[in-house]
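The values are calculated or read from the model by the stated rules, or taken from the named source; none is laboratory data. This is a predicted model, so every value here is computed, not measured. Cβ coordinates were reconstructed from backbone atoms using ideal geometry, including for glycine residues, and neighbour counts include every protein chain displayed. Accessible surface is based on the protein model in full, side chains and every heavy atom, while ligands, DNA and RNA are left aside. Shrake-Rupley method; radii C 1.70, N 1.55, O 1.52, S 1.80 Å.
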Amino acid sequence: NYNYSEEKTKKVEKKEEEKKEKSKKEEKRRIDIAEAWDTFFFAQVIRGSLLITQSTLRKYIKLPLLIIIKNTVRMLLFQFPEWSQDLKNWKREMHVKCTYNGIQLSETEFPKNWLTDGIQI
């Protein structure tokens, strides 16, 4: 009986070590990705432009298209469409721009020198 509980304790400790090691690997991977972005000459310009493009496409093309598709399918299945609720939720969606360090700005305001310093959304 004593051996069983000792083995169980060792297994639990081993799993915890594996979780810690996995977490360390994941953190190292994130750091490597961040450093890789810093090696490109125009990295912040490219990254910032991609973020703005992705945000705009999501808010003004992808979400409205999904709302239209969803409600059209609901009508085809003889269900009550949820246009008003979907549009209300769509208008509530905010894309807050932040500096590269995470300082929040308004939805419409851009940080100074965002092309060279970086931006987050």
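Tabulated data
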quantity: Stretch gain in nm, segment V45-E16, where the contour uses 0.36 nm per residue and the Cα spacing is subtracted; calculated: 6.4 nm
quantity: Around K24: net Lys/Arg minus Asp/Glu count, Cβ-Cβ under 12 Å; calculated: +2
quantity: Proportion of all alpha-carbon pairs of segment 1-120 beyond 18 Å (%); calculated: 71 percent
quantity: Exposure ranking of R29, R47 by accessible area [1.4 Å probe, largest first]; calculated: R29, R47
quantity: Per-pair calculated FRET efficiency, R0 = 41 Å: K112 and L76 via Cβ, rounded to 0.05; calculated: 0.25
quantity: Sulfur and carbon atoms: percent of accessible area, the chain [1.4 Å]; calculated: 60 percent
quantity: Reach of K70 by Cα under 19 Å, taken over aspartates and glutamates that are not fewer than 8 positions away in the same chain; calculated: E82, D86, E93
